[in-house]
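Any read-out appearing in this document is the output of simple, stated calculations on the displayed coordinates, not a laboratory observation. Here the structure is a predicted model, which is why all the values come from computation and not from measurement. We place every Cβ from the backbone using ideal geometry, glycine too, and count neighbours over all the protein chains shown.
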There are 2 protein chains.
Amino acid sequence: MTTDETATAGPAAGGRTDRRRTGRRRQRAAGAAAPSQPAWRQPRRRFAPVRAVSDDELEELHRGALRVLAEIGMDFLHPRARQLWADAGAEVEGERVRVDPALVTALVSQAPDRFTLHAPNSAHDLEIGGDAIAFTAVASAPYVSDEAGGRRQGNERDFADLVRLSQQLNAVHLHGGYPVEPVDLHASVRHLHATRMLLTLSDKVLHAYSLGAQRNRDCLEMVRIVRQVDHETLDQQPSIHTVINASSPLRYDHPMLAGILEYSSRNQAVIVTPFTLAGAMAPVTLAGALVQQHAEALAGIAFTQLVRAGAPVVYGGFTSNVDMQSGSPAFGTPEFMKAAMIGGQLARRAGVAYRSSNVCTANAVDAQAAYESVFSLWGAVMGGANVVLHGAGWMEGGLRASFEKMVIDADLLQMVAAFLDPVVVDDAAMAIDAIAQVGPGGHFFGAQHTQDRFRDAFFRPAISDWRNFETWDEAGGPTAVDHARRRVRALLDDYEPPRLDPAVAEELDEFVSRRVAEGGVATDF
Amino acid sequence: MTTDETATAGPAAGGRTDRRRTGRRRQRAAGAAAPSQPAWRQPRRRFAPVRAVSDDELEELHRGALRVLAEIGMDFLHPRARQLWADAGAEVEGERVRVDPALVTALVSQAPDRFTLHAPNSAHDLEIGGDAIAFTAVASAPYVSDEAGGRRQGNERDFADLVRLSQQLNAVHLHGGYPVEPVDLHASVRHLHATRMLLTLSDKVLHAYSLGAQRNRDCLEMVRIVRQVDHETLDQQPSIHTVINASSPLRYDHPMLAGILEYSSRNQAVIVTPFTLAGAMAPVTLAGALVQQHAEALAGIAFTQLVRAGAPVVYGGFTSNVDMQSGSPAFGTPEFMKAAMIGGQLARRAGVAYRSSNVCTANAVDAQAAYESVFSLWGAVMGGANVVLHGAGWMEGGLRASFEKMVIDADLLQMVAAFLDPVVVDDAAMAIDAIAQVGPGGHFFGAQHTQDRFRDAFFRPAISDWRNFETWDEAGGPTAVDHARRRVRALLDDYEPPRLDPAVAEELDEFVSRRVAEGGVATDF
């Protein structure tokens, strides 16, 4: 593993020139030092993902899902979607669509097994699929918290700071949505302001919500402006992703289907994710919840291919269980881990990239938050996830984004990446000469073999406190949250926006102003 | 997974009768309720362990280790050990022993790949090897802490309470040593008093330290008395285990070799564990540290077989890295995870059971303690560990046992066990009828399929707080440590000692009294 004291994958690595600069880099010299972190890169899984069910069991789950789609079917709450299904030969009866296994299989087989997601800064382009992994920031939380300010409703200011933090953290590869919902921005124009912030405060891959076709179109135009490409190029280069949730059980709602219609037709990336909480929106048995997840995912993936054969799509697994005492969802559980791994098997069976999540139920950034998150990552990473949503900052089952959790999670993600780095096995690394030189009873601190390598030999965490008890105690006994609070401040103090050509920024502003003046999109309230 | 509200694998499950009872069970009825926990059982790994290096790389590491033993050799600081090696044809020069690959391989091949460890209560007998896993409590910490009393030196009272807690926790399968060092017991007789406590406060498999042959003999006699078997039966039934550390690099000290001589000759279990911290007692490169670990482990395992062919032995992997800033050890790191997994590959290459650990560097029972521990468990469990030492309660790189960490870890271990439970895939579990019944837009709470199963459907954690924020906040916002503190108290309040035949207890007391009167063992101070 290589660590890099100074490199954060800044815009300098990108292909674009002539972006605007701020004076902050100069200011920084006198201020907080940029905390070190490993350089930007996508981790790669170098071993086979875990087979949590046998191949035979996998086929049973797969066949069960095909049976659900053929015999029970799903409700598609969008007339154009039903028309497409009917034209393709599916059985449409009211809102219900039943699809036979051959048609599902034929459609799903047209989906690519991997694709590239293009970022505003090409240095942040991402490979989605294969053995590559990408981590997103937390997304869609209604609440936000930090140690100083406590828990509060989502707002524009915290939104912007969380985007800045996501941009700073090399472990965060792309956005997964709004890190927190900026409810002080009116819903009719929120997507315009929020997406402009995502595109100017950050240069990582954009996410857009599918809440009606117009919002989808607006966001796509904004990313086109920032990437400075024409419409045809954009159709060749997926530059935005949207998460499409099934309204489980067995239903796709109108805005979600509109999102697929809009983005799949433009060759943009769709992450189809059934919301199958076992015991609530899905059977209480994991096998049942996974059959339903797989049926809903296959139907959604098939529908993307009905809209445009070859359109980039990802299989999303989100199956977890509820607390049967309260009925509320639980995350980072043993059931989540197993479902995450089997979800990966099902996604590979379908031949598409796989999305899982870094989730927890905890209310405090304590041991529970940490163990639930690492258990989630264990399930996701060993299950072969290619995209890990909510990678950094998620709390309370997704109800809250936490600044401190975001930087702790970023450290967890870097540790996972370091874990995935291969162990070099060659003569120099096996060090038999050094072992002979040091000999029985010696030590390796002073050995040349050590001196040549110790600086970059091991992962250096940003949060973990490795001091001995006495030194740590004298320093006030800081916990992980204390270290995280300081790191949040240092990263935000050190932040500078990515360079953006002033002409491009102006074009973006003009677009937003025009669309805001037009009233954005109609809302129900 | 089955959970069991009431069952703790108590002595009633054992084969012995007529043990002494206390009045505590009656007292308990009016006091704290026994916190629920899953019933006693050994978890089993049902998928292939991770191959973190390729088969070719594994062979390179293996051959490298054999080369180290042939060309560099190891120091064996015990004359009888050197004599045995010389008699077997090894090259002995002063304290140095060089063994050619054929001899190492021939000896190691005599070790069993699995065996049974017999507990004082036969319901707590353990399978060691194969896909079975056993977790020990924390061992050998010089300090102890709880939230109320803070950090203090180890002592008899805390020792006894930690043993009681280990007995109560179904996730703890056996002892790994003294959970904390009771330094108020004089070293000459400490093993007598401490082992009596382990055998009367608990009925789980015993560990004994190898600190001179007499201590080994005393502990073996004590377990023989409690198990009420003759010497011949004891020689057929491994009833005690000892951890033998190499004094890395490349040395076995006198007391450790005396331990192997004593216990392997009596067919008791030896866990050979090199102490190969990369960058300190081993090369700074993981491949180098693992070559050295493997050389030391193979030499130790081979030596057990030289003492008695077929004696039960376990391959211990403990390779981690040091913090290159301070030189102090770090645990639960990405390097630890990889080393734990490759250690498993090396152990299986050697054909013996594998030991790893649940370790962390943290000073506080905070997010760091939790994520370092779960990363450790990730490496150990996915690496195919059969024995996980320090499973519950370890802090500060092993310098401290924590009461709260012990019950949090026990919950982590239960979650790992639940994760390892297979997902049932059959018609009833796939629930297609229930999915049809509920249909699009419905929910599963009221379904008969749910009602029939919800009570035992999911793992129920003892520590995690799954309440929504408002309810949790009104309850004072308890963290995992707060829940752990309460759980420690409830488990200790609820504790009752395992039944022990009064005649057996008397025989044990007589033995201890006699050996104490004899002065125990000579010490250097």
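Remarks
- When the helices of the protein assembly as shown are scored as -39500 (n - 2.57) per DSSP H run of n ≥ 4 and the total is divided over every residue, the value at 222 nm lands at -13000 deg cm²/dmol.
- Shielding by partners, peptide B:214-221 (average Cβ within 10 angstrom, other chains): 0
- Placing a label point 7 Å from the Cα of residue B:474 along the Cα-to-Cβ direction, the residues of the range A:314-334 whose backbone N falls under 17 Å from that point are A:326-328.
- When each of B:158, A:494, B:433 is scored by the number of other beta-carbon atoms lying within 10 Å, the sequence from fewest to most is B:433, A:494, B:158.
- Nonlocal amide H pairs with residue B:245, under 5 Å, H built at 1.01 Å: B:273
- Among B:147, A:95, A:510, a tally of other beta-carbon atoms within 10 Å of each Cβ gives an order, fewest to most, of A:510, B:147, A:95.
- Karplus-derived HN-Hα couplings along the range B:62-78 (A = 6.51, B = -1.76, C = 1.60, θ = phi - 60°), whole Hz, x at Gly and Pro: 5, 5, x, 5, 4, 5, 4, 5, 7, 9, 8, x, 10, 8, 10, 8, 8
- Its relative contact order, with pairs defined as Cα atoms under 8 Å and 6+ residues apart, puts chain A at 21 percent.
- The charge dipole of chain B, taken about its Cα centre with unit charges on the Cβ atoms of Lys, Arg (+1), Asp and Glu (-1) only, comes to about 760 debye.
- Considering every alpha-carbon pair of the range A:162-240, the percent of pairs per 10 Å bin, from zero through the bin containing the longest distance, is 17, 53, 27, 3.
- Cut-off 12 Å between beta-carbons: net charge of the residues surrounding residue B:306, Lys and Arg +1, Asp and Glu -1: +2
- Within the range B:384-447, the percentage of alpha carbon pairs spaced more than 21 angstrom apart rounds to 54%.
- The range B:454-510-the range A:402-472 distance, computed between alpha-carbon centres (Å): 36
- Rg over Rh for the range B:222-307 works out to 1.10, both radii taken from alpha-carbon positions and Rh defined as the Kirkwood radius.
- In a reduced charge model with +1 at each Lys and Arg Cβ and -1 at each Asp and Glu Cβ, the range B:328-460 shows a dipole moment near 460 debye about its Cα centre.
- Whether the range B:36-178 is rounded, prolate or oblate, judged on the alpha carbon gyration tensor where a/c under 1.5 counts as rounded: prolate
- Shape call, the protein assembly as shown: gyration tensor on alpha carbons, a/c limit 1.5: prolate
- Net +/- balance of residues flanking residue B:464 in space, Cβ distance below 11 Å, scoring K and R +1, D and E -1: -3
- FRET efficiency, 1/(1 + (r/R0)^6) with R0 45 Å, evaluated for residue B:507 and residue B:328 via beta carbons: 0.50
- Cα centroid separation, the range B:39-67 to the range A:280-340: 32 Å.
- Net charge contributed by nearby residues that have their C-beta within less than 12 Å of residue A:251 (K/R +1, D/E -1): -3
- Listing B:242, B:479, B:333 from fewest to most neighbouring C-beta atoms within 10 Å gives B:479, B:242, B:333.
- For the range B:29-105, the Cβ-based charge dipole about the Cα centre amounts to some 720 debye (Lys, Arg positive; Asp, Glu negative; other atoms uncharged).
- Sequence-distant residues sharing a close amide H with residue B:357 (under 5 Å, placed H): B:389
- Amide H contacts of residue B:282: A:444, B:277, each under 5 Å away and 5 or more positions distant or on a separate chain (H built 1.01 Å from N in the peptide plane; Pro and chain starts excluded).
- Relative contact order (percent, whole number), the range B:49-176, Cα cutoff 8 Å, 6+ residue spacing: 16
- The distance from the alpha carbon centre of the range B:78-110 to that of the range A:347-399 is 50 Å, rounded to a whole number.
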